[in-house]
Amino acid sequence: MLERVLRDLVGVMTTGPSGASTVLAAPLVAFDKLLGAIYLESDGPDQPYDEGRLRLLMSIASVAATALAHEQHAEALADENGRLRRSSISITT
């Protein structure tokens with residue numbers, strides 16, 4: 001199931017045998033780049049997931065992926081800034 005989420009970039013909901021558990025999975029995609037996935041499994045048949053929860057998970061995954069991509073970009077910029085500062089210091093000394 002997770003392979004399908006990562007390959008096709010779609011949210012998926014499955015139900016175990018006899019409705020024993022429900023699983024939701026959604027891709028983390030930002031700026032056309034796959035960053036990972038969110039995987040949720042219900043504890044039992046008394047609170048199964050439904051299509052509404054899958055849609056909610058897809059929305060949360062979209063926001064989380066965008067935030068994660070921005071954080072990764074900020075970290076890369078900070079690393080590059082540090083590299084340029086070190087390079088500048090070695091040139092001026």
>> What distance in nm lies between label points placed 7 Å from Cα along the C-beta direction at GLU41 and SER88?
In response: 5.1 nm
> Using unit Cβ charges (K, R positive; D, E negative) and no other charged atoms, how large, in debye to the nearest 20, is the dipole of the chain about its Cα centre?
Replying inline: 440 debye
>> Can you give the FRET efficiency to the nearest 0.05 for GLU80 and LEU34, using r as the Cβ-Cβ distance and R₀ = 22 Å?
In response: 0.40
>> Could you work out what % of the accessible surface of the chain is carbon and sulfur, using a 1.4 angstrom probe and leaving DNA, RNA and ligands out of the count?
In response: 55 percent
> Using alpha carbons only, what's the Rg to Rh ratio of the chain with Rh from Kirkwood?
Replying inline: 1.28
> Which listed residue (GLN47, ALA30, SER62) has the Cα farthest towards the positive end of the charge dipole for the chain, taking +1 on Lys and Arg C-beta and -1 on Asp and Glu C-beta about the Cα centre?
Replying inline: ALA30
> How much accessible area per residue does the chain have, in Å², with a 1.4 Å probe?
Replying inline: 70 Å²
> Taking the Cβ-Cβ separation of GLN72 and VAL10 as r and a Förster radius of 30 Å, what is the calculated FRET efficiency to the nearest 0.05?
Replying inline: 0.85
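The values are calculated or read from the model by the stated rules, or taken from the named source; none is laboratory data. Just so it is clear, the model here is predicted, and its values are computed rather than measured. A quick note on method: Cβ atoms are made from the backbone with ideal geometry, for glycine too, and the neighbour counts reach across all protein chains shown. For the accessible areas, the whole protein counts, side chains as well, though only heavy atoms, and no ligand, DNA or RNA atoms are used. Shrake-Rupley method; radii C 1.70, N 1.55, O 1.52, S 1.80 Å.
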